[in-house]
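Inspection log for the structure reproduced underneath, given as structure tokens.
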Amino acid sequence: QKEVEQNSGPLSVPEGAIASLNCTYSDRGSQSFFWYRQYSGKSPELIMSIYSNGDKEDGRFTAQLNKASQYVSLLIRDSQPSDSATYLCAVKTSYDKVIFGPGTSLSVIP
Amino acid sequence: EAGVAQSPRYKIIEKRQSVAFWCNPISGHATLYWYQQILGQGPKLLIQFQNNGVVDDSQLPKDRFSAERLKGVDSTLKIQPAKLEDSAVYLCASSFPGGVAVYEQYFGPGTRLTVT
């Protein structure tokens, strides 16, 4: 089992829709979770961090964490073409390593 | 606040040659990371420094890769000799030294290495 898995893409949504990106992790003791956005040819950019169960909202982005299910998600409301990118989930494990998932490619269609 | 700086941005070398990458982290960031990102994959940690010391180098191919961070600021990653499979983007990241944000990483622009 891979340590951090993300839903396989590419994911295509129409402009204005909600994009849902999912991530599961294997280390039950993980405490910190991060979402990065990576545009093609660019480096990853931190967009959300979440540390507690529940929802965390920042503008059009909502991160959701369920430690019991070992699941973290990112919702993007009112998706815009500028949101088209690869989204990387990263998890800080109980052994103090940050593991990145393979990423999900999102395409927002005008 | 200046971001993480890296150079060069692009490098093309032949296999068996050597190459070095440089990184200057955000001022005040004690933790520095080097990642390798192959196209279509997530970043893979090569080495993590806390100030001058190595925290994790378990995935660094030590027969050909080396890294140092002198004086706890700049860092250099070297590959010698390079192989074709080393073609990737090499990313440097840094993070604030303490508190809950200690694992929130800020990335430099990366160096795209092509080995022919």
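In the stretch A:73-100, comparing the full protein assembly with the chain on its own, the residues that lose 10 Å² or more of accessible surface at a 1.4 Å probe are A:L88, A:K92, A:D96, A:K97, A:V98, A:F100. Accessible area per residue for the protein assembly as shown, computed on protein heavy atoms with a 1.4 Å probe, is 47 Å².
Take every pair of alpha-carbon atoms less than 8 Å apart whose residues are at least six positions apart; their mean separation over the length of chain A yields a relative contact order of 38 percent.
Express the carbon and sulfur contribution to the solvent-accessible surface of the stretch B:1-63 as a percent, rounded to the nearest whole number, probe 1.4 angstrom.
Numbers: 1640 of 3440 Å².
Summing carbon and sulfur atoms, their accessible area is 48 percent of the total for the stretch B:1-63.
Bridgeable aspartates and glutamates around B:K78 (alpha carbons under 20 Å apart, same-chain partners fewer than 8 residues away excluded): B:E14, B:D56, B:D57, B:D63, B:E68, B:D86. Each of A:Y25, A:S79, A:N66 was scored by the projection of its Cα onto the charge dipole of chain A, and the greatest displacement toward the positive side belongs to A:Y25; charges sit on the C-beta of Lys, Arg, Asp and Glu.
By the rule of a C-alpha distance below 23 Å, with chain neighbours fewer than 8 residues away ignored, the lysines paired with A:K67 are A:K2, A:K56, A:K92, A:K97.
Report relative contact order for chain B in percent, whole number only (criteria: Cα-Cα under 8 Å, sequence separation at least 6). Walk me through the numbers on the way to the answer.
Working: 293 pairs, mean separation 42.3, N = 116.
Here the relative contact order equals 36 percent.
Ordered from highest to lowest accessible area with the whole protein assembly present and a 1.4 Å probe, A:E57, B:E68 read as A:E57, B:E68.
Size descriptors for chain A (Cα atoms only): Rg and Dmax, in that order, 13.2, 43 Å.
What Kirkwood Rh does the protein assembly as shown have if only Cα atoms enter the pairwise 1/r average? Answer in Å. Please list the in-between numbers first.
On the way: mean 1/r = 0.0552 Å⁻¹.
Taking every pair of different Cα atoms in the protein assembly as shown, averaging 1/r and inverting gives 18.1 Å.
Roughly how much accessible area, to the nearest 100 Å², goes out of reach of solvent when B and A pair up, both sides summed, probe 1.4 Å?
1400
Applying the criteria of a DSSP loop state and at most 12 other Cβ atoms within 10 Å to the trypsin sites (Lys or Arg not before Pro) of the stretch A:4-110 yields A:R28.
Carbon and sulfur atoms: what percent of the 1.4 Å accessible area of the stretch A:12-110 do they account for?
48
So how strong a dipole does the protein assembly as shown carry about its Cα centre when Lys and Arg Cβ are +1 and Asp and Glu Cβ are -1, to the nearest 20 debye?
On the way: 22 positive and 21 negative charges, 121 e Å.
In debye, rounded to 20, the protein assembly as shown gives about 580.
The values are calculated or read from the model by the stated rules, or taken from the named source; none is laboratory data. What you see is a predicted model; the values in this text were computed from it and never measured. Cβ coordinates were reconstructed from backbone atoms using ideal geometry, including for glycine residues, and neighbour counts include every protein chain displayed. What goes into the accessible areas is simple: the full protein's heavy atoms, side chains included, and nothing from ligands, DNA or RNA. Shrake-Rupley method; radii C 1.70, N 1.55, O 1.52, S 1.80 Å.
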